[in-house]
1. Using only alpha-carbon positions, what ratio does the radius of gyration of segment 145-252 give when scaled by 2.2 N^0.38 Å?
2. Tell me, what HN-Hα J-couplings in whole Hz come from the Karplus equation 6.51 cos²θ - 1.76 cosθ + 1.60 at θ = phi - 60° for each residue of segment 125-132, using x for Gly and Pro?
3. So which of 158/248; 127/256; 127/211; 127/196 end up more than 28 Å apart by C-alpha?
4. Can you run phi through the Karplus equation (6.51, -1.76, 1.60; θ = phi - 60°) for segment 192-207 and list ³J(HN,Hα) in whole Hz, with x for Gly and Pro?
5. Within 10 Å, count the other beta carbons around each residue, average over each peptide in 133-142, 220-229, and list them highest first.
6. Near the amide H of residue 254, under 5 Å away, which other amide H atoms are found, from residues 5 or more places off or on another chain, if H is placed in the peptide plane?
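Each value in this text was obtained by applying a stated rule to the coordinates, not by laboratory testing. Keep in mind the model is a prediction, meaning the values are calculated, not measured. When we count neighbours, we look across all protein chains shown, and the Cβ atoms used for this are built from the backbone with ideal geometry, even at glycine.
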Amino acid sequence: MDATKQFVSSLDAVSLILLTVTLVAFLIPIFILFPPVPVDCSDVLRQTHSRAGVPLRDINLSRDSSPDHRARDGKSSTAQNVQIFPVDLCRGIEVQSDQVPSGSTEYNHLYTFAQADHQGDDNVVWKALSQEQFPALATVDVDLWVPDSNKTSRLLGKVDGSFLVLRFPWTDAGLQGILQRVSSKLSYGLHAVPEKEFLLPVSFPNENEIKAQGYSLAEFQNGDSKTMALNMEVELPVELARYLGAEKVGIFRVDKV
């Protein structure tokens, strides 16, 4: 203990500054390579997939959300680009036509967010969310990740299928939130903000996947139309409902209803 005090007292101001700079220079790469926050879905997918297209920032989400209408809108962009809207009321994606060779309709109108409406006698109907109720849906980014034959991962092996990654701004309280802010700025730049991500498959889950993931069929209503649809709410982080200002939300696979 006495030796430590003697060492500190022997340091002058210049030495302390040099020591501090050295420690910071040593720690920054460690924070970048091993950020003190959980690994995001995008970080994992980046090992075997590539992101297709860019998010659409300025779109009119109040227009008709049907896949046919949006497909027509996509054709009006450019001959090489297509606009797709995988999740209703969230931001779309502009992709090159060769990135979606099977056509844009495969990626349109796959998912819809909904809220449970308890109608008595234990009867629950999930009703599709509207932009008027939850305007924050328009700020949720959607990324499309497609398999990349040029990428391999010894840890993950070959991962087939395309995936959607949904992102929304989120910062936890306290020390964890401070670490998230620091990590996002070190990784993505000074203007970056922390985000929460979650993963959804593009392909419709098979029976084994439905059982393994705990998905379930539930009554789903969109406008005046009611049907049974696949409820995949187990994939949603609890922070999403708080971000949207809802008590609880679910997400339904609607392209097969």
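1. 1.35
2. Values per residue, Gly and Pro as x: 10, 8, 9, 4, 6, 10, 5, 5 Hz.
3. From 158/248; 127/256; 127/211; 127/196, over 28 Å: 158/248.
4. 6, 10, x, 9, 9, 10, 8, 10, 9, x, 7, 6, 6, x, 7, 4
5. 133-142, 220-229
6. For residue 254, the qualifying residues are 111, 112.
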